Number of protein chains: 2
Amino acid sequence: MTLDTLRTDADRLWATLSETARFGATGRGGLARLALGPADGQVRDWLVAEATALGCTVQVDPIGNIFATRAGSDPGRAPVACGSHLDTQPTGGRFDGILGVLAGLEVLRTLARHDVATAAPITLINWTNEEGSRFAPGLIGSSVHLGLLDLETALALHDGDGATMGGCLAEIGYAGSAPLGPWDFDSYFELHIEQGPVLEAGGLTIGVVTGAQGMRWYDIAVKGAGGHAGTVPMALRHDAMVAAADLVGRIRTLATARNRPAVATVGRIEIPGASRNTIPASALLTLDVRHPEAETLDAIEAGLAEVASQVGEAHGVRVEFGRVSNSPPVAFDPTCVGAVRTAALRCGYRHADIVSGAGHDACAVAGFLPTGMIFVPCKDGVSHQEHEDMTREDAAAGADVLLHAVLARAGVAA
Amino acid sequence: MTLDTLRTDADRLWATLSETARFGATGRGGLARLALGPADGQVRDWLVAEATALGCTVQVDPIGNIFATRAGSDPGRAPVACGSHLDTQPTGGRFDGILGVLAGLEVLRTLARHDVATAAPITLINWTNEEGSRFAPGLIGSSVHLGLLDLETALALHDGDGATMGGCLAEIGYAGSAPLGPWDFDSYFELHIEQGPVLEAGGLTIGVVTGAQGMRWYDIAVKGAGGHAGTVPMALRHDAMVAAADLVGRIRTLATARNRPAVATVGRIEIPGASRNTIPASALLTLDVRHPEAETLDAIEAGLAEVASQVGEAHGVRVEFGRVSNSPPVAFDPTCVGAVRTAALRCGYRHADIVSGAGHDACAVAGFLPTGMIFVPCKDGVSHQEHEDMTREDAAAGADVLLHAVLARAGVAA
């Protein structure tokens with residue numbers, strides 16, 4: 001047989017996705033599989049058992065990342081890694097993160113089923129606490145493994161009930177002893193649902209992820225003047241709500257006036273001391289701006305300063321803003337991106353380049369290893385919700401592309 | 001002497017305002033004289049003692065309203081009433097309500113000092129719980145007296161600590177036995193600070209209040225679609241925050257496009273489940289609309305329906321609104337309004353007609369008796385705050401106009 005026609009088993013992958021959704025099932029179609037809780041322990045045990053049954057060597061590092069390695073024929077080759085995370089949001093879905101791990105397992109199962117020996121080993125990774133909803137922030141497993149976050153600091157982090165990561169790792173038996181990294185991997189691939197509507201809207205099956213957007217967070221304060229809702233004429237008002245509303249509209253234009261991938265979101269607004277019959281004296285807003293290029297983020301930030309001053313003048317208020325976080329854009333390795341694109345072509349799936357709007361373990365890994373990501377559509381672009389959904393066909397297509405990208409990188413035994 | 005040149009004593013009134021501000025003083029220049037609390041009891045005792053010293057007959061009705069009557073020369077004449085309220089907001093000022101009662105006392109003192117006998121009796125009223133901040137709603141004393149609110153219902157109302165109005169009235173000794181009304185008064189006049197910036201901005205001393213605005217309250221819900229702040233392109237969003245912002249701007253235009261007194265205020269906005277990196281799925285807003293004419297309120301409500309549908313279409317969201325309260329406009333009695341205007345002219349104070357944006361006991365009384373109100377400027381239009389302020393001269397001017405309006409109505413003994 002030629003490896004070009006090798007495909008993963010769509011039914012097996014889908015059955016595995018369904019089967020493992022019992023670990024942390026909410027009963028409403030979603031998962032509450034919080035990092036290092038009992039359900040996370042159960043799905044980890046299940047994964048280790050399955051990988052072991054496939055002949056993999058399983059290692060766990062001190063932050064609980066699981067590495068299941070299928071040997072290659074060439075002892076001198078660094079493993080090609082793939083994976084994602086098995087933890088979910090408190091009312092999360094059945095695919096975010098999970099698909100990447102279970103599709104990696106499906107890749108290993110497919111190679112085993114077809115007796116394919118790769119030259120380089122292949123390592124399936126389950127990263128600890130990607131979501132960051134039980135222990136903040138997210139990406140803790142990959143960050144500690146890569147040396148971006150101190151192990152002791154991470155182990156001391158506690159959830160809302162005071163339980164520490166260290167304690168929880170010990171409790172579920174995943175305080176491992178394998179050394180921290182970054183390990184010497186050849187490369188890393190991560191399959192993930194898009195968490196956005198672009199692929200679905202374009203009738204595409206595969207997103208070839210070229211990188212991840214940069215993200216900047218701002219806090220904005222609008223300071224006007226309060227007053228009695230009945231006694232202050234419109235013309236004499238310095239209404240912080242009206243000014244904030246104007247600002248929200250102008251911020252939207254800052255994003256829509258740029259090239260397409262620019263997004264700007266005012267997620268929160270608070271009116272201190274708000275009352276139904278009081279003119280709002282001040283308003284506090286948050287702003288999340290993302291774009292794949294730092295220059296555009298700079299330009300939007302300059303635009304924000306302009307609209308802040310325009311709104312201030314138009315409404316007789318003061319608008320102040322400050323940047324509270326800055327994640328620079330990530331560009332994935334061109335050869336890994338090429339491997340994903342070639343794999344999609346080989347499998348005949350409609351695909352297009354896409355930039356990730358969300359953060360992933362792959363974004364952290366990309367600073368250390370050649371990295372690529374594969375996106376597949378999710379229904380209505382919804383994620384982090386119990387009704388998060390996708391089709392069996394898209395799940396399998398993603399696994400097929402992961403298989404061929406990994407194969408291209410690992411090579412077949414001589 | 002001709003009564004035309006009679007004036008109140010500016011120093012005495014100002015000293016009385018300062019002296020009584022010790023009852024409930026917050027120590028930061030304001031008052032916390034909550035209805036029927038110990039400080040309210042103290043200032044009531046003080047008022048009763050002062051009125052009694054002037055020879056007035058004091059009566060208290062079962063809801064604690066105080067009526068201090070200075071006899072007239074004609075036993076067949078109904079008393080001319082004036083007054084306001086001595087209770088304040090939890091961090092209120094020294095003038096809202098208080099000025100109306102103490103200026104009424106100053107009118108009685110001035111008549112006594114100058115031995116002026118009026119034909120009709122004059123009754124000074126202190127209404128219970130105008131503010132409604134301890135026992136909701138406001139205007140309870142006048143509403144019960146007028147038969148608009150059931151006495152038993154009112155006495156059973158309780159504050160945040162479970163204390164009832166009935167219990168508190170008994171505790172401070174103001175559960176009176178005078179019959180409820182509406183009593184047979186000739187008319188009612190109330191002096192009050194404007195609580196808005198119009199008089200100050202116009203360099204005016206006296207506002208001749210022709211009536212009170214109608215007020216309608218609405219709850220508005222904007223229902224869009226949530227999503228990940230990084231992954232949903234701007235063009236595919238149904239952002240409830242952006243739609244709400246657009247709505248706020250259009251609502252402002254609904255008011256500014258009408259004739260001047262129309263005001264519209266979005267006082268509260270809430271984004272359920274708001275998060276910095278999530279596109280808001282829904283937004284809840286409150287709207288307060290006021291205008292002196294019901295027709296204009298109707299037109300604004302029709303405009304609201306239009307902009308709700310426009311915003312819905314423009315942003316692919318659903319906008320629903322419902323009216324949650326409706327206070328019809330109040331027109332004061334033309335002869336009482338004329339008496340106030342003539343009094344201002346006689347005293348030589350710059351004045352203009354004005355419509356009250358806030359609710360007052362006088363608005364309730366106007367449904368039963370010929371009623372008029374006098375406004376005087378307050379600093380920066382501020383009320384319901386500890387730094388609420390006004391000048392001694394404006395306080396005295398208001399008392400002078402009250403004096404001459406009452407005199408015009410009561411007549412001088414033959």
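Coordinate-derived values only; no laboratory data. All of these numbers come straight from a predicted model, not from anything done at the bench. So basically every Cβ, Gly included, is an ideal-geometry build from the backbone, and we count neighbours across all protein chains shown.
Output wanted: per-residue J couplings in Hz (rounded whole) for the stretch A:307-312, from phi through Karplus 6.51 cos²θ - 1.76 cosθ + 1.60, θ = phi - 60°, x for Gly and Pro.
Couplings: 5, 4, 6, 4, 5, x Hz.
For the rotation that superimposes chain B on chain A, which residue of B has the C-beta lying nearest to the axis, and at what distance in Å?
Here the nearest residue and distance are B:Ala245, 2.
Just to verify a number: FRET efficiency for A:Ala178 and B:His387, C-beta to C-beta distance, R0 = 56 Å, to 0.05? Present the calculation step by step, with values, prior to reporting the outcome.
Numbers: r = 65 Å, r/R0 = 1.16.
With R0 = 56 Å, the Cβ-Cβ based efficiency is 0.30.
Once the label point is set 7 Å along the Cα-to-beta-carbon vector, what list of distances in nm do you get between A:Leu148 and its counterparts in the other copies?
6.3
Alpha carbons only, please: Rg and Dmax for the protein assembly as shown, in angstrom.
Cα only, the protein assembly as shown: 36.3, 127 Å (Rg, Dmax).
Using alpha carbon coordinates only, what is the Rg to Rh ratio of the stretch A:1-140, with Rh defined as the Kirkwood radius? Don't jump to the answer; show the numbers that get you there.
Numbers: Rg = 15.3 Å, Rh = 15.5 Å.
In the stretch A:1-140, Rg relative to Rh is 0.99.
For B:Tyr188, B:Tyr174, what's the fewest-to-most ordering of other Cβ within 10 Å of each Cβ? Don't jump to the answer; show the numbers that get you there.
Values: B:Tyr188 29, B:Tyr174 23.
Neighbour counts put them in this order, fewest first: B:Tyr174, B:Tyr188.
Less than 13 Å Cβ to Cβ from A:Ile206, Lys/Arg counted +1 and Asp/Glu -1: what total charge do the surrounding residues give? Please list the in-between numbers first.
Details: positive: A:Arg341, A:Arg346, A:Arg350; negative: A:Glu194, A:Glu200, A:Asp353, A:Glu393, A:Asp394, A:Asp400.
Counting the neighbours of A:Ile206, the net charge comes to -3.
How high is the relative contact order of chain A, given as a whole-number percent (alpha carbon pairs under 8 Å, six or more residues apart)?
The value is 24 percent.
Scan around B:Leu191 for amide H atoms under 5 Å from its own, H built in the peptide plane at 1.01 Å from N, and keep only partners 5 or more places away or cross-chain.
B:Gly83, B:Ile374
Considering only DSSP beta bridges where both residues belong to chain A, give the percentage that are antiparallel (nearest 5).
Working: 45 of 65 bridges.
Of the beta bridges lying entirely in chain A, close to 70 percent run antiparallel.
Taking the Cβ of B:Gln59 as the centre, find all other residues whose Cβ is under 14 Å away and add up their charges (Lys, Arg: +1; Asp, Glu: -1). Provide the component values of the computation, followed by the final result.
Values: positive: B:Arg44, B:Arg70; negative: B:Asp61, B:Asp184.
My count for the surroundings of B:Gln59 gives 0.
Looking at B:Ala112, B:Thr69, B:Ala366, which one has the Cα that reaches farthest to the positive end of the dipole of the protein assembly as shown (charges on Cβ: Lys, Arg +1; Asp, Glu -1)?
Comparing the listed Cα positions along the dipole, B:Ala366 ranks first.
Spelling out what I want: for every residue of the stretch B:134-140, take phi, set θ = phi - 60°, compute 6.51 cos²θ - 1.76 cosθ + 1.60 (Karplus), and round to whole Hz; glycine and proline get x.
Rounded to whole hertz, the list is 8, 10, 8, x, x, 6, 5.
Measuring label to label, 7 Å along Cα→Cβ, what does B:Gln310 give against each other copy in nm, shortest first?
Sorted ascending, the copy-to-copy spacings read 1.9 nm.
In terms of modelled amide H atoms, which long-range or inter-chain residues lie less than 5 Å from the amide H of A:Met390?
A:Lys379
Would you order A:Phe95, A:Phe189 from fewest to most other beta-carbon atoms within 10 Å of each residue's own beta-carbon?
Working: A:Phe95 26, A:Phe189 32.
Ascending Cβ contact count within 10 Å gives the list A:Phe95, A:Phe189.
Which one, A:Leu345, A:Ala81, A:Pro272, projects farthest toward the positive side of the charge dipole computed for chain A from Cβ point charges (K/R +1, D/E -1)?
Towards the positive end, the residue furthest out is A:Pro272.
How far apart, in nanometres, would the label points at A:Ser18 and B:Arg260 be if each is projected 7 angstrom from Cα along the Cα-to-Cβ direction?
7.3 nm
So, counting K/R as plus one and D/E as minus one, what does the shell of residues with Cβ under 14 Å around A:Thr296 add up to?
Details: positive: A:Arg216, A:Arg258, A:Arg260, A:Arg290; negative: A:Glu293, A:Glu295, A:Asp298, A:Glu301.
Local charge sum for A:Thr296: 0.
Quick one: pull the percentage of alpha-carbon pairs in the stretch A:243-296 with a separation above 13 Å. Provide the component values of the computation, followed by the final result.
Working: 907 of 1431 pairs.
Roughly 63 percent, once rounded to a whole number.
Which shape class, rounded, prolate or oblate, goes with the stretch B:214-327 when its Cα gyration tensor gives a ≥ b ≥ c as root eigenvalues, a/c under 1.5 marks rounded, and past that a/b bigger than b/c marks prolate?
Numbers: a/c = 2.75, a/b = 2.18, b/c = 1.26.
Note, shape of the stretch B:214-327 comes out prolate.
What's the whole-number percent of alpha carbon pairs in the stretch A:279-414 lying beyond 21 angstrom?
Working: 5506 of 9180 pairs.
It works out to 60 percent of all Cα pairs.
Specify whether the C-alpha gyration tensor of the stretch A:135-294 places it in the rounded, prolate or oblate class, a ≥ b ≥ c being the square roots of the eigenvalues: rounded for a/c under 1.5, otherwise prolate if a/b is larger than b/c and oblate if not.
Details: a/c = 3.34, a/b = 1.68, b/c = 1.99.
In terms of gyration-tensor shape, oblate.
Whole Å is fine, so just give me how far the alpha carbon centre of the stretch A:115-139 lies from that of the stretch A:1-43.
The distance from the Cα centre of the stretch A:115-139 to that of the stretch A:1-43 comes to 14 Å.
Ranked highest first by the average count of other Cβ atoms within 10 Å around their residues, in what order do B:210-223, A:384-397, A:9-22 fall?
Highest to lowest by the protection proxy: B:210-223, A:384-397, A:9-22.
For B:Gly322, which inter-copy label distances result when the label point lies 7 Å beyond Cα on the Cα-to-Cβ vector, reported in nm to one decimal and in ascending order?
4.2
Based on the alpha-carbon gyration tensor of chain B and its eigenvalue square roots a ≥ b ≥ c, which shape applies: rounded if a/c is under 1.5, prolate if not and a/b is larger than b/c, or oblate?
On the way: a/c = 2.29, a/b = 1.85, b/c = 1.24.
Judged from the Cα gyration tensor, chain B comes out prolate (a/c at least 1.5, a/b above b/c).
222 nm [θ] for chain B, helices only, -39500 (n - 2.57) per DSSP H run of 4+, per residue, to 500? The partial results should precede the final answer.
Working: 12 runs with 145 residues, N = 414.
Computed mean residue ellipticity for chain B: -11000 deg cm²/dmol.
If I take R0 = 22 Å and measure r between the Cβ atoms of B:Leu284 and B:Gln310 in this structure, what FRET efficiency does the formula 1/(1 + (r/R0)^6) give, to the nearest 0.05?
Details: r = 19 Å, r/R0 = 0.88.
Efficiency, rounded to the nearest 0.05: 0.70.
I need the phi-derived Karplus couplings for the stretch B:173-178: 6.51 cos²θ - 1.76 cosθ + 1.60, θ = phi - 60°, integer Hz, Gly and Pro marked x.
x, 10, 8, x, 10, 5
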